[in-house]
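Asks: The structure that follows is given in the form of structure tokens.
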Amino acid sequence: MKTIGFACTSADVPLEPFTFERRAPRENDIVMEILFCGVCHSDLHWSKNDWGWTVFPAVPGHEIVGRVIEIGSKVTRYKIGDHVAVGCMVDSCQSCDQCRKGEEQLCREGNTGTYGGFDRFTGDYTLGGYSKHLVVREEFALRMPDGLDLAKAAPLLCAGITTYSPLRTWNVGPGSRVGVIGLGGLGHMAVKLAVGMGAHVTVLSRTADKAEDARALGANALLVSSDEEAMKKAASSFDLIIDTVPVKHDLNPYMPLLDVDGTLVIVGQIGPVAEPSTVPLVLGRRRIAGSPIGGIRQTQEMLDFCAAKNILPDVEMIRMDEINHAFERMEKADVRYRFVIDMASLAAA
Ligand code: NAP
Ligand code: ZN
């Protein structure tokens, strides 16, 4: 089927309207009309080829909420009219130990990205959610819980699950002391989710500018990471720190903040960080870890958790043709706290 979207044709040009083909639905596929799509910092990295493996033309977008408009002959989970969502993956091998555990993000063969992946049957390059339609196998579509605001919920599909998953991996609950580095899209979800799990939450931001916001999001405190005195005082006071910083940075100032057996988990920068000293790691039995999105089962659990606790991202709705300006603002950390594209604006664009 023909559809429309926004794509960039190289790393140094803006995104523009783009017409392309979506595959005809296979027997286990659903066809979605996309209603809303969140704007993740990964979309910006992808468009600018920051990771070095973008294939152009590239259509970003992996925080996708829509409505089912067609189903394949063997689809059982969804019917036409259902509200569904798709995050960062659209397929995996489904048979390795990780897939069988519901950890498709860790598929031994590699999961198929919603954009920038290769279709497992045709080899076609996948194109993301800055578009009118998406065709996806039903196992990779999530059910939107009744009552969850569809526009606001879109960022849960990446920012939500990427921060929910490490909170669960490290068993965060009442009494846990959680730090969140970087108050952006991922960071503000980490705060809301950790607060929802009963943790004591501190935001670590470069300045005090977001102190009021941090409190409004439910955090107990904001620690200014450039304030050496305050950082010294906070030594050994965290069980888990979630690091969402999107660029190369220095982990050394953060390591002493962890208590014995504490973990700093990187969910932001994919690539090099400044050389970490092993001194605080070895002497304090501290850890550095990483974590990618989350599995389909856990993504559904996260959506249901958010619906039950009424946890929703703070969003600024934009039109599709405002995306290039939104990217510029995101680069300057000028977004409180996630842009969401109203896809109804695509036709006009
Ligand atoms: P974002 O909304 O732009 O937020 C990033 C935050 O990091 C900013 O608000 C800012 O917070 C801080 N920051 C920005 N530039 C910085 C710098 N130069 N030095 C130190 N701190 C800086 O980005 P996002 O959408 O949350 O994404 C964050 C990162 O996560 C991206 O790199 C993205 O690719 C990655 N990501 C990873 C996964 C995964 O599976 N692991 C999934 C999604 C996204 P303050 O102003 O408070 O300091
Ligand atoms: Zn993302």
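Asks: Have a look at the DSSP beta bridges in the chain and tell me what percent are antiparallel, nearest 5.
Replies: Values: 33 of 59 bridges.
Counting only bridges with both partners in the chain, antiparallel ones make up about 55 percent.
Asks: Additional query: Could you run the Karplus curve 6.51 cos²θ - 1.76 cosθ + 1.60 with θ = phi - 60° over segment 12-20 and give me ³J(HN,Hα) per residue in whole Hz, x for Gly and Pro?
Replies: 10, 10, x, 6, 9, x, 8, 9, 8
Asks: Any chance you could run the full-extension gain for ARG329 through THR207? It's 0.36 nm times the residue separation minus the Cα-Cα distance, nm to one decimal.
Replies: Numbers: separation 122, 0.36 × 122 = 43.92 nm, distance 1.75 nm.
Extending this stretch completely gives an extra 42.2 nm.
Asks: Report the extension gain between ASN310 and VAL55 in nm, rounded to one decimal, defined as 0.36 nm multiplied by the number of residues separating them, less their alpha carbon distance. Mind showing how you got there, number by number?
Replies: Details: separation 255, 0.36 × 255 = 91.80 nm, distance 3.82 nm.
The ASN310-VAL55 span can extend by a further 88.0 nm.
Asks: Okay, moving on. Please go through segment 14-68 and write out the chymotrypsin sites (Phe, Trp or Tyr not before Pro) that DSSP classes as loop and that have at most 14 other C-beta atoms within 10 Å. Intermediate results must be reported in sequence, preceding the final value.
Replies: Working: sites: PHE18, PHE20, PHE36, TRP46, TRP51, TRP53; in loops: TRP51, TRP53.
For chymotrypsin sites (Phe, Trp or Tyr not before Pro) across segment 14-68 that sit outside H, G, I, E and B with at most 14 neighbouring Cβ atoms in 10 Å, the list reads TRP51, TRP53.
Asks: Given the -39500 (n - 2.57) contribution per DSSP H run of 4+ residues, what per-residue ellipticity at 222 nm results for the chain, rounded to the nearest 500 deg cm²/dmol? Intermediate values should be presented prior to the final figure.
Replies: Details: 10 runs with 79 residues, N = 349.
After summing the helix terms and dividing by the residues of the chain, the value is -6000 deg cm²/dmol.
Asks: Same structure again: Can you give me the span-like helices of the chain, meaning DSSP H runs with 18 Å or more of Cα extent along the axis and Kyte-Doolittle mean at or above -1.0? List each step's numbers first, then the result.
Replies: Values: long enough: 296-309 (20 Å, -0.29).
Span-like helices, by this rule, are 296-309.
Asks: Show which aspartates and glutamates lie in cross-link reach of LYS309 when reach means a straight Cα distance below 19 angstrom and same-chain residues fewer than eight apart are skipped.
Replies: ASP146, ASP149, GLU301
Asks: Once you list every other residue whose beta carbon is under 13 Å from the beta carbon of VAL195, what net charge do they have if Lys and Arg are +1 and Asp and Glu are -1?
Replies: Numbers: positive: ARG177, LYS192, ARG215, LYS309; negative: none.
Here the charged neighbours net out to +4.
Asks: If amide H atoms are built 1.01 Å from N in the plane of the peptide, which residues on other chains or at least 5 residues away come under 5 Å of the amide H of LEU264?
Replies: ILE241, ARG287, ILE288, ALA289
Asks: Right, another one. Apply the a/c threshold of 1.5 to the C-alpha gyration tensor of segment 160-290 and tell me whether it is rounded, prolate or oblate.
Replies: Rounded, because the longest to shortest axis ratio a/c is under 1.5.
Asks: Quick one: which of 341-348, 279-286, 150-157 comes out on top by average Cβ neighbours within 10 Å, and what's the full order, highest first? The partial results should precede the final answer.
Replies: Working: 341-348: 17.0, 279-286: 14.6, 150-157: 25.0.
Peptide ranking by packing, descending: 150-157, 341-348, 279-286.
Asks: Lys pairs in segment 1-153, Cα-Cα under 29 Å, at least 8 apart or on separate chains: how many?
Replies: Close lysine pairs found across segment 1-153: 13.
Asks: Excluding VAL68 itself, what net charge comes from residues whose Cβ is under 11 Å from its Cβ, given Lys and Arg +1 and Asp and Glu -1? It would help to have the intermediate numbers written out before the result.
Replies: Working: positive: ARG67, ARG77, LYS79, ARG143; negative: ASP29, GLU33, GLU70, ASP82, GLU138.
For residues surrounding VAL68, the net value is -1.
Asks: May I ask for the net charge around VAL178, where only other residues with Cβ less than 13 Å from the Cβ of VAL178 are counted and Lys, Arg are +1 while Asp, Glu are -1?
Replies: Values: positive: ARG168, ARG177, LYS192; negative: ASP239, ASP243, ASP259.
Neighbour charge sum, excluding VAL178 itself: 0.
Asks: Per residue of segment 256-263, in order, report the coupling 6.51 cos²θ - 1.76 cosθ + 1.60 (Karplus, θ = phi - 60°) as ³J(HN,Hα) in whole Hz, putting x for Gly and Pro.
Replies: Karplus values, whole Hz, x for Gly and Pro: x, 6, 6, 7, 3, 6, x, 10.
Asks: Ok, one more. Please give, to one decimal in nm, the separation of the simple spin-label points placed at LEU281 and VAL260, each 7 Å out from Cα toward the Cβ.
Replies: Between LEU281 and VAL260, the simple spin-label model gives 2.0 nm.
Asks: Apply the Karplus curve 6.51 cos²θ - 1.76 cosθ + 1.60, θ = phi - 60°, to the phi angles in segment 50-62 and return the couplings in whole Hz, x for Gly and Pro.
Replies: Each residue of segment 50-62 in turn: 4, 8, x, 10, 6, 10, 9, x, 10, 10, x, x, 9 Hz.
We did not get these values from a lab; they are worked out from the coordinates using the rules stated. These numbers come from a predicted model, not from an experiment. In this analysis, Cβ positions are derived from the backbone assuming ideal geometry, glycine residues included, and neighbour counts consider all displayed protein chains.
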